[in-house]
Structure formats: C-alpha cells, structure tokens
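Peer 1: The structure's right below; bear with me while I get my questions together.
The values are calculated or read from the model by the stated rules, or taken from the named source; none is laboratory data. It should be emphasised that the depicted structure is a prediction, and the values quoted were computed from it without experimental measurement. Positions of Cβ are backbone-derived with ideal geometry, glycine not excepted, and every protein chain shown enters the neighbour counts.
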C-alpha cells in the first residue's frame, strides 16, 4: 500500500526552501520515495493557482483532469510526496479574475483538497494512505510576508495595516476547515518557526513523515534561506512607486532594478 504525502501549502511558509532541499537530495532519496514538485507535477503544476484566481467549477474540473493525467504517470511506490503550495489556491491577497481580493484560503483549499483525495484514491485505490501536510506561520507574520511579496510583484497600493484589515485569514480557522473536509485523513501542521531552524530546514516537515534509513536522514542538511523579503524601508519605497507610477512596464522595471541594486533581491 502506498503512502502519499500531500504538501499543499501554505504560501510564504518556507516552501521554496523545502522543495529546493528535496531537489538537492533527489538522487539519494529516490530509491525510497517518489518526489514530485514544480515541473515534475506536469499538467497539474499550475492548475491550483489558476483555480485560485478563478474559483469556478470549470477551473476545478481542469484541476481534476490535470491531476488525473499526472497521477497516471506516477509509478506505484511505497512512499510518494506531492509538494505544491498552489494546491491551496493562489496567494493570499492576490486579485481574482473578477477583480476581488483573495482574503482567505478555505474557499479554494477545501475543494482542492477533496479533489486531491479523490484523484489519489482513484489512482492508488481506496485503501491508499494519505497524509496532508501544511507548513504554516503565525497570522501577522504570514500577512506581512504576503504583503511584502505583493509590493514587489504587483501594484499593491495598500499599506500593511489596510491590507491586513482587508483579509479574513486566520491560520487555525483555515486548518480547521481543512480537517473538517478531510475527515479521517490526517492533516499535519508544521510551523515554520519550529521547522525552519532544523538542520534540514523546512524540508524536515516532509522528511519526518517518511521512513528513511537513519544515515540518509541524518545526512540531509539545508542552510540556504531562499527569497528573502525586502526591508521595511524598501517596502515603503515600493509602496510609493506602486502609488505613483502609472505605466505598468516601467513600474516593473524600476522595482526590479531597485530590489537588485539595493538588497540583491532578484525577481520572483
């Protein structure tokens, strides 16, 4: 019987470090576990985010079909990991195609979780063991990180206080909605504050759920910390630019140049 671990979010919780660590040790881990992240997820890679931007039955159907095609390509293995933060939707605070702001995850994370369960059970059988993993951070930290990201990547014109007030995000409420939807399927929470400092970094949250040789598990370390957020001063400058420069392409170029020259931050 296969054990499928679904790392389905959330954004801004060390997911890049987690996936890069798995990628760095892919060769050593591959005899013991099938690892799927990024482009390795094939047709389902971007479908969760697309559904987050446009949460319709049509887009959810596209996610299901992409998942089905992907899972058909996955060979039977005792342990399988699927890691994709977009399995909960699009980033908190992003703008949907209808112009509204994404204020919480549950409206998309719950349908996507159910679709993932159905797809995995269809592929591996009803007795497949499934574990959902969500890496998390505390509410204020999560919201501030999303705000910094949107200042860099989007025309975010709200300051942090206004942005935070527009959201309905609460980590515990989000997880409770998912647990209620998943029923007997376990959901493991891995706080970034706990797992980030571990020798393997955030990837320890996945590794702790796997059965691995002791020597291999002990050898996995990760010191890189990816995608640092910009400083508060630079965030203030980005906010001012977002509010003052009307040309989208010019704004993008100015922000990218400023981020790189001032703090060495490359485009996401």
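Peer 1: For the condition under 19 Å from the mean Cα position of the chain (by Cα) and either within 24 Å of residue 60 (Cβ to Cβ) or surrounded by 19 or more Cβ atoms within 10 Å (Cβ to Cβ) (or both), what is the one hit in 154, 123, 179? Spell out the reasoning first.
Peer 2: Working: 154 fails: either within 24 Å of residue 60 (Cβ to Cβ) or surrounded by 19 or more Cβ atoms within 10 Å (Cβ to Cβ) (or both); 123 fails: under 19 Å from the mean Cα position of the chain (by Cα).
It is 179.
Peer 1: To continue, here is another question. Could you pull out the residue among 186, 202 that is touching a strand residue (DSSP E or B) at 6+ places or on another chain (Cβ under 8 Å) and loosely packed, with under 14 Cβ neighbours inside 10 Å?
Peer 2: Exactly one residue qualifies, and that residue is 186.
Peer 1: As an exercise: evaluate residue 179 against (1) in contact with a strand residue (DSSP E or B) (Cβ under 8 Å, 6 or more places away or on another chain); (2) in a loop (DSSP other than H, G, I, E, B); (3) free of Cβ contacts under 8 Å to residues at least 40 places away in the same chain and give the number of the one condition it does not meet.
Peer 2: Of the numbered conditions (1) in contact with a strand residue (DSSP E or B) (Cβ under 8 Å, 6 or more places away or on another chain); (2) in a loop (DSSP other than H, G, I, E, B); (3) free of Cβ contacts under 8 Å to residues at least 40 places away in the same chain, the odd one out for residue 179 is (2).
Peer 1: Another question about this same structure. If you check 161, 174, 122, which single one turns out to be closer than 24 Å to residue 16 by Cβ and either assigned to a strand (DSSP E or B) or modelled with pLDDT of 95 or more (or both)? It would help to see each step written out before you state the result.
Peer 2: On the way: 161 fails: closer than 24 Å to residue 16 by Cβ; 122 fails: closer than 24 Å to residue 16 by Cβ.
174 is the lone residue from the list that is closer than 24 Å to residue 16 by Cβ and either assigned to a strand (DSSP E or B) or modelled with pLDDT of 95 or more (or both).
Peer 1: Right, something else. Under 8 Å between Cβ atoms, at least 6 apart or on separate chains: pull out the pairs that start in region 1-24 with a residue that is assigned by TED's automatic domain parsing to the domain that holds residue 106 and end on any residue that is in a helix (DSSP H, G or I) and surrounded by fewer than 18 Cβ atoms within 10 Å (Cβ to Cβ).
Peer 2: Once the first residue is assigned by TED's automatic domain parsing to the domain that holds residue 106 and sits in region 1-24, its partners that are in a helix (DSSP H, G or I) and surrounded by fewer than 18 Cβ atoms within 10 Å (Cβ to Cβ) give 19/38; 23/38.
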